[in-house]
Structure formats: C-alpha cells, structure tokens
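Report on the structure given below.
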Amino acid sequence: MSKPEAAATRWTRGLALLLWGCCALAYAQGATAPTAPTLPTISEPPAAGILSDADEGDRTVKLSVGIDGAGDFSGTLQEFLDITRHAADSNLSEREALRLIGVTPRQIKELLATAGYFSPTVTPAVERQPNGLSARFVVAPGIATTIDTVEIVFTGAIATGNDSNAQRIARIRQQWSLGSGNVFRQQAWDDAKSAVLKGLLTRDYPAARIAASEAHIDPESHRAKLTLTVDSGPAFTFGPLQIQGLKRYPLSLVEPLNPIVPGEPYSQEKLNELQSQLQDSGYFRSVFATIDVDPAHPQSTPVHLDLAENERKRLSLGVGFSTNSGARAQVKWLDRQFLGRNWRLDSELKVDRLTRLLGGDIFFPARDNGWRPSVGAHYERSDIVGETSDKINLGAHLAGPDRLNEQVWGVSYFGDKERIADAAVNHRQALVASWVITRRRLDNLLSPQRGVQTTLELDAGLPGVINRKALLRATLHATWLAEPSRRWQTIMRAQIGQVTGEPRQMIPGDLLFRTGGDQTVRGYSYNSLGVAQAGAIVGGRVFALASAELVYRITPEWGAAVFHDAGDAADAWRDFRPVHGTGIGARWRSPIGPVNVDLAYGHAVRKLRPHFSVGYAF
C-alpha cells in the first residue's frame with residue numbers, strides 16, 4: 001500500500017470512529033441511553049494526503065453543508081448548529097471544518113430531543129471538493145415522544161389542606177399545559193414548570209421553588225412520565241414601609257399612594273401598583289419596592305422602598321418633527337413645589353406647522369384614598385384642512401389610584417371660535433361632566449407586546465346658561481396585542497364614538513370627531529377625514545376606525561410590518577363611508593417605546609404617504 005493510500009485509510013478510520021463516538025451520545029432525559037445508532041458511512045474518502053501534516057490541516061477551506069430529511073426542523077438546525085453558523089467563515093481551517101463535521105450528529109440529536117424526538121438517526125456524508133469540503137447529513141427524526149402521565153406534588157404551607165389552598169392547587173393542576181398525549185418538548189416542559197411557580201411567587205408564596213422535577217423518557221415506547229414537586233414555602237404577609245432616598249419631599253406625598261395594608265397577604269401586584277403610583281406622581285425618577293424573601297421570617301415582612309427623587313424645578317427646551325404636524329419647537333416649565341406647596345405645575349408652549357399651544361396643569365397631592373385631583377387651563381390655535389380655530393379649555397379632574405382599572409372624573413369648559421374661508425366666525429361653547437375608565441391588561445406599560453387595553457369615555461352636558469341643549473358624547477377605544485409565535489406580533493385596534501343633542505354647528509370642535517394621520521388611518525394627512533364644509537374639513541358627530549397590523553421580528557429590536565386601516569367621521573351613520581389605507585413599515589423597540597416608520601397608500605386619494613410615530617395608539 002502506498003503512503004498516500006495508507007494516510008487516506010487512517011483518516012477514514014479515524015473519522016468514522018469519531019463520528020460513531022459522537023452519535024453514541026444520544027440525548028435522553030431521565031432515561032438510560034438507547035442502543036448506539038448504526039455506524040455512519042462516508043460516501044467517499046477525501047483526497048489522499050489530507051491532514052498528512054500539521055501545515056495542511058491548518059490551511060483554509062470552503063465548507064458547504066446540506067441537511068436532508070429534517071422537515072419542519074430544518075430552520076431550527078440551520079439556526080443553531082455550529083457547522084451552519086461557521087461554514088461561511090473566511091478563515092475556516094480544514095482541521096476546524098473536520099471538527100465541526102464530527103460534532104454535528106450529536107448536536108442534531110440534542111436539538112431534536114428538545115422537540116420530543118429522542119431516537120433519531122443521523123447519517124453524515126463527506127466529500128472532497130476541488131476547493132474544500134462538502135458535508136451532508138441525512139436526518140430521520142423518528143417517532144415523537146408523547147406524554148404518558150403527569151404527577152404534580154405540592155409541599156409547604158399551600159399543602160396544609162384548608163379549602164382555599166385546596167382550590168388553588170386544583171386550579172393550578174387544571175391549568176397545567178402539558179397533558180397526556182401531548183408531544184414532549186423541552187421548552188414546553190420548562191414553560192409549564194415556570195407557569196406553576198409564577199402562580200405561587202406572585203401571590204402569597206414569594207419563596208416558592210421547584211423542589212424536584214423529572215422527565216423520564218422511555219426511548220422504546222416513546223412515552224414520557226413527568227413528575228414535579230413544588231415547595232410553596234411559608235405564606236408571607238406585608239409589614240410596614242421602610243423608605244430610603246426621601247429627602248426633598250415630605251412623607252405625606254408617599255403615604256396616600258401606598259395601596260399596601262400591613263398584615264395583608266403578599267402580592268407582587270400590590271408592589272407593582274405601589275411602584276407605578278409613585279412613578280406616575282412625577283416626584284420620583286425611579287422607584288423600587290421589594291421585600292426580603294426570608295422563609296424564616298414570613299410574617300409582617302417590611303416593604304423596602306428605594307426612591308430617587310426628581311429635582312424640584314426644570315426648564316426643558318426641545319425641537320422635533322412628526323409627519324402629522326411637521327417641525328415642532330417646545331418649551332416646558334416644571335415646578336414640583338409650586339407656590340411653596342406640594343403642588344406640581346406642568347406648563348408648556350408648543351409651536352408646529354398646524355397648532356400653537358399654551359397651557360398648564362396643576363396636580364395636587366393624592367388624597368388619603370389615593371385619588372389625585374388636578375386643574376388645568378389651555379389655549380390652542382389651529383389651522384387644519386381649511387378650518388381655523390381658537391380654542392380654550394378649562395377643567396378639573398380627579399384620577400383614581402388603580403392603574404389597571406383607572407378612572408377619571410372631571411368637569412370641563414370648552415369654548416372656540418371657528419373660521420372657514422370667508423364665512424362668519426362661529427362661536428361655540430359647552431360645559432360637560434365626564435367619566436373615563438381605562439382597563440389595562442398589558443405585559444409592560446411602557447413597551448407592551450401582549451395584552452388588551454380598553455377606554456370608555458362618557459360626557460354629558462345639561463341645558464342651561466352655557467349649553468343650549470342637552471349634550472351627550474360617548475367613545476370607546478380598544479387595542480389588542482398578541483404574539484402568536486416568537487417572531488410574530490399582531491396589533492388590532494378599534495374605535496367608535498358619537499355625540500348627540502346639540503347641532504354640529506354648535507358643538508365645540510374638541511367634542512366632535514376627525515381622523516386620519518400617523519396613529520389613526522394611515523395614508524391620509526392629519527385630521528383630513530371628516531365632514532366637508534365650504535372647502536374645509538370639520539368634525540363630525542359620528543366616528544369609527546378599525547386597524548389590523550402584522551409585525552415580523554427580524555431581530556429582537558427591529559421588525560417589519562404590514563397593515564390595513566379603515567375609518568372616517570361623518571354627521572350621521574347614514575353618511576358614514578370608511579376610507580382605507582394599506583402599507584408597510586419598520587418597527588424599532590427603542591428605550592422610549594415602539595418607534596414606527598410607515599409608508600401607506602390611501603385608497604381614496606390614490607397616493608402614498610409616509611408616517612412616523614412613537615408608541616401605540618391606545
């Protein structure tokens with residue numbers, strides 16, 4: 001045998017032994033390893049002399065990779081296998097390429113095991129190419145492992161046997177997501193355990209833990225037996241507040257915003273509510289509410305409140321741009337101890353292409369029940385699609401403490417002077433009482449990805465000195481966010497409103513309806529959809545809007561979207577004719593919330609229009 005032939009034989013035997021050793025390490029959780037798979041074959045030995053010395057093994061090569069038979073798992077393998085991620089490396093050495101080929105069968109089996117396939121076969125084939133190596137792997141996933149039995153055992157205080165705990169245990173078992181007959185997947189197994197633990201950690205049992213878990217896999221029957229032991233630990237109760245960082249502002253600002261009553265059961269929702277209430281007060285830059293999770297001292301556990309205070313006064317100058325109103329300049333003055341009291345003054349002057357705004361609000365300290373009173377006054381001059389208005393708004397409001405079901409009661413005066421072309425000035429005014437309730441069920445209030453938010457607003461004005469006739473107004477807004485898979489998100493919006501009583505000509509513009517723009521019906525300019533009057537667009541007495549959007553996440557921060565909007569405003573439902581807008585867009589999860597850049601086609605105007613916005617339109 002010649003030296004080159006002997007080298008090729010040694011290389012072939014060595015690689016075969018390496019591949020057999022890697023394939024023998026089949027993944028199985030809670031089970032003995034199955035019988036070693038059939039020894040992989042190599043379709044053709046590499047050219048004689050490969051790796052005959054160290055220098056040749058370190059030379060760079062091109063590596064092509066093919067995976068056959070993986071079916072629905074092809075994408076997963078392409079994304080997570082080392083060989084597919086490094087095949088295109090420009091400095092890939094022949095020695096490293098052979099190492100990647102050797103470990104690939106084991107990695108394929110490990111990845112398939114996470115999806116419930118514990119007995120796959122992987123047959124590698126390596127060919128020598130003129131400029132490198134070609135590796136192909138034929139995958140037979142085999143039979144999926146399904147769940148046979150599930151046993152969930154509870155220990156700790158929750159297992160004491162009283163009725164409420166027994167009902168809670170029964171509810172957790174009923175909500176268990178991996179039932180008999182389901183395909184065993186590692187991610188689903190992990191998610192199901194996390195869901196059980198989360199149900200205890202967020203209420204009563206912050207020291208809960210998974211004491212033991214086992215997924216016993218039988219490779220021969222392709223069945224899995226799941227066993228889970230959950231230790232709830234002791235039941236915790238809240239104690240008094242222990243505050244750090246309160247220097248500039250008095251304790252009386254914090255106490256009315258605290259929803260926690262000493263002695264009541266622990267609840268993560270209560271801690272979140274405390275943080276949210278203080279953060280929304282405007283007096284604190286950051287708020288962290290925690291407890292010491294010490295199973296030895298579960299009763300009357302102190303609530304640690306770490307505060308970072310905002311400065312008392314702040315002057316802000318800003319410029320910006322939006323596709324709704326063009327370039328913008330803005331000045332804000334904030335005083336958190338206005339007139340030497342614990343009153344917060346928020347005032348601003350804003351100028352853009354369409355509006356001039358001057359106004360301010362004074363927010364008073366929360367009452368003992370957590371409700372927050374405020375008063376405000378605003379003047380605005382606007383020139384939008386042929387309608388020029390000078391508007392005054394005076395109001396007093398009382399906002400509730402519950403952020404998940406937030407209520408706002410108020411009374412407001414609206415007055416405006418409307419001008420359209422050469423027509424006489426139209427003076428309009430109204431005095432209304434209002435009630436607004438917002439129901440939030442979102443995973444994150446700043447940058448939500450899943451959940452539902454609905455807002456219902458009711459306004460009523462009685463006939464008298466200001467209102468010539470009774471006035472009634474109702475609006476309903478709903479937004480639904482969902483993530484059907486890891487990379488996809490759907491956003492659905494619906495809005496509807498109507499005002500009755502006074503004729504449209506006597507109702508102030510802020511109580512009528514117009515639409516169109518960045519966060520309503522895209523493809524149309526800002527507030528360009530409404531009632532046509534003397535060459536201008538004015539507000540109507542009825543309004544409706546619907547929108548559907550699908551977002552694909554290219555990376556965790558960046559995504560691409562397609563959407564369709566429809567809506568309009570009219571004087572009566574018989575005149576309502578929704579217009580449509582369709583488009584594409586880019587999405588960025590920025591630190592300040594979702595940033596949206598869209599290009600929409602307005603079907604009614606047959607034009608493309610760009611749009612830029614930040615956040616969701618709730």
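The values are calculated or read from the model by the stated rules, or taken from the named source; none is laboratory data. Since this is a predicted model, take the numbers as computed values, not measurements. Cβ atoms come from the backbone with ideal geometry, glycine included; neighbour counts cover every protein chain shown. Quick note on the areas: whole protein, heavy atoms, side chains included, nothing else; ligands and nucleic acids left out. Shrake-Rupley method; radii C 1.70, N 1.55, O 1.52, S 1.80 Å.
Starting from region 234-248, keep only residues that are farther than 12 Å from Ser300 by Cβ, then list their pairs with residues that are assigned to a loop (DSSP other than H, G, I, E, B) and open to solvent by 30 Å² or more (accessible area, probe 1.4 Å) whose Cβ atoms are within a distance under 6 Å, requiring at least 6 positions of separation or different chains.
Pro234/Pro295
Please count how many residues of region 478-502 are within 25 Å of Tyr413 (Cβ to Cβ) and free of Cβ contacts under 8 Å to residues at least 24 places away in the same chain.
Of the residues in that region, 0 qualify.
Can you name the residue in region 322-342 that is closer than 20 Å to Ser382 by Cα and in a strand (DSSP E or B) and is also most open to solvent (accessible area, probe 1.4 Å) among such residues?
For region 322-342, the residue satisfying everything is Lys332.
Restricting to region 589-604, and then to whatever is loosely packed, with under 15 Cβ neighbours inside 10 Å and not aliphatic (A, V, I, L, M), can you tell me which residue is nearest to Val562 (Cα to Cα)?
Ser590
Would you check which residues across region 434-461 are aliphatic (A, V, I, L, M) and either surrounded by 14 or more Cβ atoms within 10 Å (Cβ to Cβ) or touching a Phe, Trp or Tyr at 6+ places or on another chain (Cβ under 6 Å) (or both) and list them?
Within region 434-461, Val436, Ile437, Leu442, Leu445, Val452, Leu456, Leu458, Ala460 meet the criteria.
Filter region 255-286 for residues that are in contact (Cβ under 8 Å) with a residue 60 or more places away in the chain, of a type in the set (Gly, Ala, Ser) and not in a loop (DSSP other than H, G, I, E, B) and give the result.
Selection gives Ser267, Ser276.
For (1) at negative phi; (2) open to solvent by 50 Å² or more (accessible area, probe 1.4 Å); (3) touching a Gly at 6+ places or on another chain (Cβ under 9 Å); (4) part of a helix (DSSP H, G or I), each residue gets a yes or a no:
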{"site": "Pro295", "(1), (2), (3), (4)": "yes, yes, yes, no"}
{"site": "Pro302", "(1), (2), (3), (4)": "yes, no, yes, no"}
{"site": "Leu307", "(1), (2), (3), (4)": "yes, no, yes, no"}
{"site": "Leu317", "(1), (2), (3), (4)": "yes, yes, no, no"}
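Among Tyr379, Tyr413, which is the only one that is exposed (fewer than 15 other Cβ atoms within 10 Å of the Cβ) and either under 21 Å from Gly326 (Cβ atoms) or touching a strand residue (DSSP E or B) at 6+ places or on another chain (Cβ under 8 Å) (or both)? Break it down into steps so the answer makes sense when it comes.
On the way: Tyr413 fails: exposed (fewer than 15 other Cβ atoms within 10 Å of the Cβ).
Just a single option satisfies the conditions, and that option is Tyr379.
Counting only residues that are open to solvent by less than 30 Å² (accessible area, probe 1.4 Å) and over 32 Å from the mean Cα position of the chain (by Cα), which one in region 219-233 is farthest from Ala195 (Cα to Cα)?
Pro219
What number goes with the only condition from (1) over 22 Å from Asp361 (Cβ atoms); (2) part of a strand (DSSP E or B) that Ala423 does not pass?
(2)
List the residue pairs whose Cβ atoms are under 6 Å apart, where the first residue sits in region 370-391 and is more than 29 Å from Ser525 (Cα to Cα), the second is open to solvent by 50 Å² or more (accessible area, probe 1.4 Å) and among the aliphatic types (A, V, I, L, M), and the two are 6 or more positions apart or on different chains.
Here the result reads Trp371/Leu398; Pro373/Leu398, each pair linking region 370-391 to a residue that is open to solvent by 50 Å² or more (accessible area, probe 1.4 Å) and among the aliphatic types (A, V, I, L, M).
Within region 343-373, take every residue that is over 32 Å from the mean Cα position of the chain (by Cα) and basic (Lys, Arg) and give me the one that is surrounded by the fewest Cβ atoms within 10 Å (Cβ to Cβ).
Among residues in region 343-373 that are over 32 Å from the mean Cα position of the chain (by Cα) and basic (Lys, Arg), the one surrounded by the fewest Cβ atoms within 10 Å (Cβ to Cβ) is Arg367.
Looking at region 404-412, is at least one residue over 31 Å from the mean Cα position of the chain (by Cα), of a type in the set (A, V, I, L, M) and within 23 Å of Thr454 (Cα to Cα)? Even if it seems obvious, please write down each step before you answer.
First, pick out the residues of region 404-412 that are over 31 Å from the mean Cα position of the chain (by Cα): 410-412.
Still in the running and of a type in the set (A, V, I, L, M): 411.
Then drop every residue that is not within 23 Å of Thr454 (Cα to Cα), which leaves 411.
Yes, the conditions are met somewhere in region 404-412.
Do the conditions hold for Ser252, that is, is it polar (S, T, N, Q), open to solvent by 30 Å² or more (accessible area, probe 1.4 Å) and in a loop (DSSP other than H, G, I, E, B)?
For Ser252, the condition - polar (S, T, N, Q), open to solvent by 30 Å² or more (accessible area, probe 1.4 Å) and in a loop (DSSP other than H, G, I, E, B) - is not met.
If you scan region 462-507, which residues turn out to be of a type in the set (A, V, I, L, M), open to solvent by less than 60 Å² (accessible area, probe 1.4 Å) and over 40 Å from the mean Cα position of the chain (by Cα)? Show your work before the answer.
If we filter region 462-507 for residues that are of a type in the set (A, V, I, L, M), which is where we start, we get 462, 465-466, 470-472, 474, 476, 478, 481-482, 491-492, 494, 496, 499, 506-507.
Within this subset, residues satisfying the condition of being open to solvent by less than 60 Å² (accessible area, probe 1.4 Å) are 466, 470-471, 474, 478, 481-482, 491, 494, 499, 506-507.
If the condition is that a residue be of a type in the set (A, V, I, L, M), open to solvent by less than 60 Å² (accessible area, probe 1.4 Å) and over 40 Å from the mean Cα position of the chain (by Cα), then Ile466, Ala470, Met506 are the ones that fit.
Being within 18 Å of Thr202 (Cα to Cα) and in contact with a strand residue (DSSP E or B) (Cβ under 7 Å, 6 or more places away or on another chain) is the requirement here; does Phe137 meet it?
It is false that Phe137 is within 18 Å of Thr202 (Cα to Cα) and in contact with a strand residue (DSSP E or B) (Cβ under 7 Å, 6 or more places away or on another chain).
Filter region 571-588 down to the residues that are among the aromatic types (Phe, Trp, Tyr) and either open to solvent by 60 Å² or more (accessible area, probe 1.4 Å) or in contact with a Cys (Cβ under 6 Å, 6 or more places away or on another chain) (or both), then identify the one that is modelled with the highest pLDDT.
Here the residue is Trp573.
Restricting the search to region 154-196, which residues are of a type in the set (Ser, Thr, Tyr), over 30 Å from Thr237 (Cβ atoms) and more than 30 Å from the chain's Cα centre (by Cα)?
Hit for region 154-196 is Ser180, nothing else.
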